Structures are given as C-alpha cells and as structure tokens.
Amino acid sequence: MRYCENCGKEVLDSAVVCVNCGASLKSNTSSSLNGEIKNNKLYMLLFSIFLGELGIDRFLLGYTGLGVLKLLTAGGFGIWWIIDVVLIATGSLGPKDGSGYTTEQF
C-alpha cells in the first residue's frame, strides 16, 4: 500500500487516481524504474562499469552536467570512469537527491 500525496489517504499500489480525492497519483513506470536503478548499488555499479565512459551512471544518479562532461571526454579519458567505479563500489557516490542506496537484494 502507498499514500496519496494530495490527501494522505491510503491507496492501492496499482491505483492511478486516488479514490478519496480524485487526484492523479504519480506512478509512471519510467520514474519508478529510474528510482529503482539509481537507488540500487549493484545496478549502478554495473552501469558504471559498462557504460561509465558515456556518463550514463552520472545521468542516472542525477548529475546531468557532469554526465554531459563525462560523455564529451570519454569518461575523463578513462581516469574519471575508473574513479567513479570505485566511488560507486564503496558507496561514496550516490544519488544527487541524497536518497542513498537501498539494501534490497534481487
């Protein structure tokens, strides 16, 4: 179960509209998927290892400007890419919004 952001009443996870107040519930798949990926340390580590030179890891974590810079410099000529892999592996680099990584397993 989850709660409506408008009225605070409990709603079903699959609900699109709150039955209590009629407000649209924010539950689109892409933002949910992005939230699941950026908050999972293993996913982010894999993205960083395989797509880090393109800055995909920084984009997913919410650092858009640094993602563009990393993309244009091919991962800081490989150095920045390696540093980010280590930072994500140690948990020192997390989502920009401060949400941190979850401890959920597959």
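Observations, loosely collected:
- Eigen-decomposition of the gyration tensor built on the alpha-carbon atoms of the chain gives equivalent ellipsoid semi-axes of 34, 14, 10 angstrom, largest listed first.
- Dividing the summed helix terms, -39500 (n - 2.57) for each DSSP H run of n ≥ 4, by the number of residues in the chain produces a 222 nm estimate of -13500 deg cm²/dmol to the nearest 500.
- Footprinting exposure proxy for Leu71, Leu66 (fewest neighbouring C-beta atoms within 10 Å first): Leu71, Leu66
- Fewest-first ranking of Val68, Val11, using other Cβ atoms within 10 Å as the exposure measure: Val68, Val11
- Residues with amide H under 5 Å from that of Val11, placed H, sequence gap 5 or more: Arg2, Tyr3, Cys4
- Listed by Cβ neighbour count within 10 Å, with the fewest neighbours leading, Glu10, Glu53 appear as Glu10, Glu53.
- Leu69-Ile83 pseudo-label distance in nm [points 7 Å out on the Cα-to-Cβ vector]: 0.9 nm
- Dividing the mean sequence gap of close Cα pairs (under 8 Å, 6+ apart) by how many residues the chain holds gives a relative contact order of 21 percent.
- Using the Karplus relation 6.51 cos²θ - 1.76 cosθ + 1.60 with θ = phi - 60°, the per-residue 3J(HN,Hα) values for the stretch 55-67 come to x, 4, 4, 5, 4, 5, 7, x, 9, 4, x, 5, x Hz, with x marking Gly and Pro.
- The dipole here belongs to the chain: it is taken about the Cα centre, uses +1 on the Cβ of Lys and Arg and -1 on the Cβ of Asp and Glu, and is about 140 debye.
Throughout, read-outs are computed from the coordinates displayed, never taken from laboratory work. Every value quoted in this text rests on a predicted model; they were computed, and no experiment measured them. For neighbour counting, all protein chains shown are included, and Cβ atoms are generated from backbone atoms with ideal geometry for every residue, glycine included.
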